[in-house]
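Just so it is clear, none of the values below were taken in a lab; they were calculated from the coordinates. Please read these numbers as outputs of a predicted model, since none were measured by experiment. Backbone-built Cβ (ideal geometry, glycine too); neighbour counts: all protein chains shown.
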Amino acid sequence: MATSTLPLHRSLAIQFRVIGALLMREVLTRYGRHNIGFLWLFIEPMIFTLGVTTLWVATRGLYGTSNIPIIPFAVTGYSTVLMWRNSASRCAKAIEPNLSLLYHRNVTVLDLFLARLILEIAGATTALVALSALLIATGWMELPADVLTMVGGWLDLAWFATGLGLIVGALTERSDAFERIWHILTYLAFPLSGAFFMVEWLPKHAQELALWVPMVHGVEMMRDGYYGAAVKAHYSITYMVTVNIVMLLVGLLLVHKTKNLLGSE
Amino acid sequence: MIKLTHMSKAYQTRQGRRQVLHDISLCIEPGQKVGILGRNGSGKSTLIRILGGAEQPSFGTVYRSMSVSWPLAFAGGFQGSLTGLDNLRFICRVYGADIDRAIPFVEEFTELGVYFREAVKTYSSGMRARLAFALSMAIEFDCYLIDEVLAVGDTRFHDKCRHELFEKRKDRSIILVSHIPNQIRAYCNVFYVLHEGRMERFDDVDKAYEYYSLQ
């Protein structure tokens, strides 16, 4: 089956070049050169998070968020949802509009997904950092207690988003039914993702159930980092890493199986 | 050199597995001009994709020791909202080619003028064809895959294409796939007929054409 083989470092160099080219292309096609252009990449999620935060502040009490400050709670929660949801949604049905690019031998299906994932994760990360900086500078938010732990939680969620994106991207390519189910799943997963609650606030048996949800661990870790001793966070790094490795492998396997696409034109 | 050894290709369809190419073995040497005749649906495009590496065979092997182009003048790869220049940049990035060196050639060849910096969706089909051809010529390959390219464009365009491909690059290999025998007669020196996924080799174009017409 094998065609000519290249040494790994050459292959990697080509891969990086191709992903870079796809990134530039994606930015231009999505945002064009008009107005603020690619700045939308992070301004859009920023405004989103800011809007939701405002709503939460206005309706506070409904959530019974105990006595911790609600603004950072909304920011740390909602930005994580945006990251995994947008990453996966951008991968859904991502191949079809780019199908003809696969005629270039070095462009693979994985590259198409990775370019989109990098863009979404970079956008979500910039949005979180910029929004936090803004709110901290204006005094609406305190400085985080432990930035490194926050970064750990965020990296976990970015990794999770990558695996999820590959799985969703590959499955939506195979089945239109899955694309519809995926939309329903995102809405159902949204309130379960840990953005709206902390595990500590739940009844004991619900806590155990909540800790089966992978996103909950990442969000808990981020809040552990932000609030420090003010909250009691529940998360297991072992569980996070295990889930992420499994999802990434399943995702890569599914993408690898997504071949012969040009033949179906 | 490109070498196919007992290569077969099958696709999974709703009606079950469909064999598109059957046990093809062939060898393309540097500098050879190979013409492949085949009717619509004979498996030409699948073969081109496998030769170019856009697809993998189901059985058998593909060995490639020269660089092979994507199917030439293939206009489907354009993103309508990008300009001709953006599309050129993308191609150069993917293949690691020097963009600044490619720009003057493409501008000159395509004669797009100001449209070179306008969105491709505003182009006429002739303009698209010129851009597509120029993009493939902007990257140097050892072997060019041509899938019915000369079916589009006017005489002037054909002359320019011929000059770029068959005169300036006459040392390269060319694989020309067509259902028009005259094109193959004009440019090739090795002939194949592809019929229902099987390849038959001929050294003489008239014998190839005779076999082709009988199908």
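Kirkwood hydrodynamic radius for the protein assembly as shown: how many Å is it when counted over pairs of different Cα atoms?
One over the average 1/r among Cα pairs gives 25.4 Å for the protein assembly as shown.
Given Cα pairs under 8 Å that are at least 6 residues apart, what percent is the relative contact order of chain A?
Across chain A, relative contact order equals 24 percent.
Taking a virtual spin label 7 Å from the Cα of B:LYS3 along the C-beta vector, which residues in segment B:19-63 bring their backbone nitrogen under 13 Å of it?
From segment B:19-63, the list is B:25-30, B:61-63.
Run the quick spin-label model on A:SER175 and A:THR59: label points 7 Å from Cα toward the beta carbon, then report their separation in nm to one decimal.
Rounded to a tenth, the inter-label distance reads 3.4 nm.
Express in whole angstrom the spacing between the alpha-carbon centres of segment A:153-183 and segment B:37-109.
When both Cα centres are located, 30 Å separates them.
For a quick check: sort A:SER100, B:SER124 by the number of other beta carbons within 10 angstrom, fewest at the front.
Lowest count first: B:SER124, A:SER100.
Å³ per residue of the Cα convex hull, for segment B:101-150?
About 83 Å³ per residue, rounded to a whole number.
Taking the number of other C-beta atoms within 10 Å as the exposure measure, put A:PHE113, A:PHE16, B:PHE116 in order starting with the fewest.
A:PHE16, B:PHE116, A:PHE113
Please list, ordered by chain and number, the residues whose modelled amide H lies under 5 Å from the amide H of B:ASP23; skip anything fewer than 5 residues away on the same chain.
B:SER8, B:LYS9
Set the Förster radius R0 to 45 Å, insert the Cβ-Cβ distance between A:PHE190 and B:GLN19 as r into 1/(1 + (r/R0)^6), and round the FRET efficiency to 0.05.
Step by step, r from the Cβ atoms, then E = 0.45.
Could you tell me how many degrees, from 0 to 90 and to the nearest 10, lie between the Cα long axis of helix A:147-174 and the main elongation axis, the longest principal axis, of the Cα atoms of chain A?
Roughly 40 degrees, rounded to the nearest 10.
Could you pull the Cα extents of chain A along its three principal axes, largest to smallest, in whole Å?
62, 46, 37
Average partner chain C-beta neighbours within 10 Å, per residue of B:137-144?
Mean shielding by partner chains, rounded to a whole number: 0.
Per Stokes-Einstein, at 25 °C and 0.890 mPa s, what whole-number D in µm² s⁻¹ belongs to chain B, with the Kirkwood radius over Cα pairs as the hydrodynamic radius?
The diffusion coefficient I find is 136 µm²/s.
Looking only at other chains, what is the average number of their beta-carbon atoms within 10 angstrom of each beta-carbon in A:99-109?
Going residue by residue through A:99-109 and averaging, the value is 6.
Once you order the gyration tensor axes a ≥ b ≥ c over the Cα atoms, which shape class does segment A:73-192 get: rounded for a/c under 1.5, otherwise prolate or oblate by comparing a/b with b/c?
Since a/c reaches 1.5 and a/b is larger than b/c, the shape of segment A:73-192 is classed as prolate.
Hey, could you get me the Stokes-Einstein D for segment A:145-254, Kirkwood radius over alpha-carbon pairs, 20 °C and 1.002 mPa s, rounded to whole µm² s⁻¹?
Rounded, D is 145 µm²/s.
Just tell me how shielded B:84-96 is by partners: mean number of partner chain Cβ atoms within 10 Å of each residue's Cβ, no decimals.
Averaged over the peptide's residues, the number is 4.
What distance in nm lies between label points placed 7 Å from Cα along the C-beta direction at B:ARG185 and A:GLN15?
Rounded to a tenth, the inter-label distance reads 5.0 nm.
Rounded to the nearest 500, what is chain A's calculated 222 nm mean residue ellipticity when only DSSP H runs of at least 4 contribute -39500 (n - 2.57) each, over all residues?
Calculated mean residue ellipticity at 222 nm is -23500 deg cm²/dmol.
Once both axes come from the Cα atoms, what is the angle between helix B:205-214 and the longest principal axis of chain B, in degrees from 0 to 90, rounded to 10?
70
Could you tell me the number of lysine pairs in the protein assembly as shown with C-alpha atoms less than 17 Å from each other, where the two lysines are 8 or more residues apart or belong to different chains?
13
For segment A:95-101, just list the computed ³J(HN,Hα) in residue order, Karplus coefficients 6.51, -1.76 and 1.60, θ = phi - 60°, integers in Hz, with x standing in for Gly and Pro.
7, 3, x, 10, 3, 5, 5
For segment B:8-120, I need the span (max minus min coordinate) of the C-alpha atoms along each principal axis, in Å, sorted largest to smallest.
49, 37, 25
For segment A:190-262 and segment B:18-33, what is the centre-to-centre distance using only Cα atoms, to the nearest Å?
50
Note down the nm distance, to one decimal, between modelled labels 7 Å out along Cα→Cβ at A:MET24 and at A:GLN207.
5.3
Counting other Cβ atoms within 10 Å of each Cβ, which trypsin sites (Lys or Arg not before Pro) in segment A:175-261 have at most 15 and sit in a DSSP loop?
For trypsin sites (Lys or Arg not before Pro) across segment A:175-261 that sit outside H, G, I, E and B with at most 15 neighbouring Cβ atoms in 10 Å, the list reads A:LYS232, A:LYS259.
Let me check I've understood the local charge: for B:ALA208, count other residues with C-beta under 15 angstrom from its C-beta, Lys and Arg +1, Asp and Glu -1. What total comes out?
+2
Sort largest first and round to whole Å: the equivalent ellipsoid semi-axes of segment A:196-265, each the square root of five times a Cα gyration tensor eigenvalue.
Here the semi-axes work out to 36, 13, 11 Å.
Provide the FRET efficiency to the nearest 0.05 for the B:THR122-B:ASP159 pair, computing r from the beta carbons and using R0 = 41 Å.
With R0 = 41 Å, the Cβ-Cβ based efficiency is 0.95.
Please arrange B:ARG39, A:ARG85 by how many other C-beta atoms lie within 10 Å of their C-beta, fewest to most.
By the 10 Å Cβ count, ascending, the order reads B:ARG39, A:ARG85.
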